[in-house]
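Data block below; observations after.
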Amino acid sequence: MPLLNPGDRFPSLTVPSLDGGSLALPDALRGHFGVILFYRGHWCPYCNAQLRAFQRALDTLTGLDAKVVALTVEDEATTRALADRHGLTFPIGHSADADEIAEATGAFVNQDPKYLQSTGFVLDGDGKIIVSVYSSGAIGRLVPEDVAGLIRYLREHAAD
């Protein structure tokens, strides 16, 4: 499992989306800064807090030309219930294969029960990684304020 580093291109992944189609990454984010969040599951309080925080910051991130997506190994019904409970409006993929995602991205996998540990990426408009954040357990994840600050910094220093 190779870890993805700054400058690496995010690998092509496709998972079913709550909108009824597919969430194809990084293509769904092309031309924008992108935030990709892998979350453990509906039962994880830290994941719930992270997803709610990104929803609250969505207007700010959209204003910075950033798109947010999330994905989980959980099934469609469970993922839909979580999205509805928190009013999540950004695209969410479900039913991801933990081993396939881990093989492509280096994300850590909990084996029993099987799920992806929290993992986050910030991408540039070409699908290259700016930041990768890997967690091996419940804590350690991207927060929207840091992502917004990073994008502001990159925009301010783009000409340097």
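FYI, it's all coordinate maths here, none of it is from the lab. Note that the structure is a prediction, hence the values are computed from the model and not measured. Quick reminder, even Gly has a Cβ in these numbers, built from the backbone with ideal geometry, and neighbours come from all protein chains shown.
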How far, in degrees from 0 to 90, does helix 144-156 lean away from the longest principal axis of the Cα atoms of the chain, to the nearest 10? 30 degrees
Roughly what would the spin-label model give for Arg152 and Asn110, points 7 Å off Cα along C-beta, in nm? 3.4 nm
What's the center-to-center distance, using Cα atoms, between segment 116-132 and segment 10-60 in Å? 11 Å
Using the Karplus curve 6.51 cos²θ - 1.76 cosθ + 1.60 with θ = phi - 60°, work out ³J(HN,Hα) for each residue of segment 79-88 in order, rounded to whole Hz, and write x for Gly and Pro. 5, 4, 4, 5, 4, 5, 4, 9, x, 6
In nanometres, what is the gap between the two model label sites at Asp99 and Ile139, each 7 Å from Cα along Cα-to-Cβ? 3.3 nm
Taking the Cα centre as origin and putting +1 on Lys and Arg beta-carbons and -1 on Asp and Glu beta-carbons, what dipole magnitude results for segment 25-160, to the nearest 20 debye? 400 debye
Could you give the length gained on full extension between Ala77 and His32, defined as 0.36 nm per residue of separation minus the Cα-Cα distance, in nm? 13.3 nm
Spherically averaged projected area in nm², based on the convex hull that wraps the Cα atoms of the chain: 8.6 nm²
Quote to one decimal, in nm, the extra length available between Lys128 and Ser12 on full extension: 0.36 nm per residue of separation minus the C-alpha distance between them. 40.6 nm
Please list the non-local residues whose amide H lies under 5 Å from the amide H of Leu23, H modeled 1.01 Å from N, same-chain partners needing a gap of 5 or more. Val15, Ser17
Fraction of antiparallel bridges per DSSP, the chain only, in percent to nearest 5: 70 percent
Rg/Rh (Cα only; Kirkwood hydrodynamic radius) as it applies to segment 1-42: 0.98
